[in-house]
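> Here you go, one structure.
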Amino acid sequence: MNTKLSIITINRNNKDGLQKTIESVINQTFKDYEYIVIDGASTDGSVDVIKQYANQITYWVSEPDKGIYNAMNKGILQTKGEYCLFLNSGDYLFDSNVLSSFFEQKPQEDIAFGNILGDTINYPTNLRFSFMYGLTIQHSASFIKRKLFDRIGLYDESYKIVSDWCFFMLALYKYDSSYKYYPIVISVFDTTGISSQPQSRTLLLDERDNFYKQEFPLFYEDYQEYFTMKQKLNRSKKDILIFWLSTIKKKIWKKKL
């Protein structure tokens, strides 16, 4: 019988986050999984953490890599499960029963996804192309059929922080993959990662822009128009807020006088 789930964790010099991630996996009541840990030659004691739990890890390696997606691709190539779930070090599963609760739903879709804790996205039944302009499916709450990586290819390592989003875009809108949203909190996302940092915003937008040009050139102008309108709307909201704050401040000063 094939393994139902392959869980992949990548790590580089995040010992404490790695331990939290590993413990959330091995404490699951659901046991039909294999666990793969790809470490990028860490020097902070991460390898000692991996060795501590080695008898509960299916496969692990610690060696230099070429970035986040190169490490993920190494993990994918080791998988034998029907679905893949990516939990980077620092991310962790919501509770010990979450995988049991999810697979009790008997997912069949190519991409079956839930929520991360605190997720405020209102996922529609039909994920329109425009929905993904500014949003995405949460990677650490998504179960991706392993066969999709054979069909579409591995993560594009030329991108630094958006290749998981690129993969979802290709899967949904070029390869017509099936998908379904399950209203279950799957994981807690580590907000200290590179993609969450304010300084990464420009890189994220540049990489998405380049992806649209390459893969969906007919939609590129629509995307540009959407982005421009969104910027104008945000500026308008800011101007309105400043106006009302200024008005309130003047009223307060008049009352004091």
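> Tell me whether the stretch 167-190 contains one or more residues that are without any contact (Cβ under 8 Å) to a residue 60 or more places away in the chain and aliphatic (A, V, I, L, M).
Yes, that holds for at least one residue.
> Can you say whether Thr120 is out of contact with any helix residue (DSSP H, G or I) (no Cβ under 7 Å at 6 or more places or on another chain) and closer than 30 Å to Asp209 by Cβ, as far as the supplied structure shows?
For Thr120, the condition - out of contact with any helix residue (DSSP H, G or I) (no Cβ under 7 Å at 6 or more places or on another chain) and closer than 30 Å to Asp209 by Cβ - is met.
> Still on this structure, please answer the following. Taking into account only those residues within the stretch 185-206 that are modelled with pLDDT under 95 and either of a type in the set (A, V, I, L, M) or closer than 19 Å to Pro217 by Cβ (or both), which is farthest from the chain's Cα centre (by Cα)?
Selected residue: Asp206.
> Right, another one. Restricting to the stretch 74-120, give me the number of residues that are over 16 Å from Glu34 (Cα atoms) and in contact with a Pro (Cβ under 9 Å, 6 or more places away or on another chain).
2
> A further question follows. For the subset of the stretch 1-15 comprising residues that are touching a residue at least 12 places away in the same chain (Cβ under 8 Å) and part of a loop (DSSP other than H, G, I, E, B), which member is nearest to Lys145 (Cα to Cα)?
Lys4
Yes/no matrix, rows are residues, columns are (1) open to solvent by less than 60 Å² (accessible area, probe 1.4 Å); (2) among the hydrophobic types (A, V, I, L, M, F, W, C); (3) assigned to a loop (DSSP other than H, G, I, E, B):
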position: Gly17; (1), (2), (3): yes, no, no
position: Gln28; (1), (2), (3): yes, no, yes
position: Val37; (1), (2), (3): yes, yes, no
position: Ser42; (1), (2), (3): yes, no, yes
position: Asp48; (1), (2), (3): no, no, no
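> If we keep just the residues of the stretch 154-183 that are within 20 Å of Phe219 (Cβ to Cβ) and among the aromatic types (Phe, Trp, Tyr), which is surrounded by the fewest Cβ atoms within 10 Å (Cβ to Cβ)?
Tyr175
> Could I ask something else about it? For the stretch 53-98, what are the residues that are among the acidic types (Asp, Glu) and farther than 22 Å from Lys31 by Cβ?
Glu63, Asp65
The values are calculated or read from the model by the stated rules, or taken from the named source; none is laboratory data. Bear in mind the structure is a predicted one, so any value in this text is a computation, not a measurement. Counting neighbours? That spans all protein chains shown, and the Cβs are built from the backbone with ideal geometry, glycine included. What goes into the accessible areas is simple: the full protein's heavy atoms, side chains included, and nothing from ligands, DNA or RNA. Shrake-Rupley method; radii C 1.70, N 1.55, O 1.52, S 1.80 Å.
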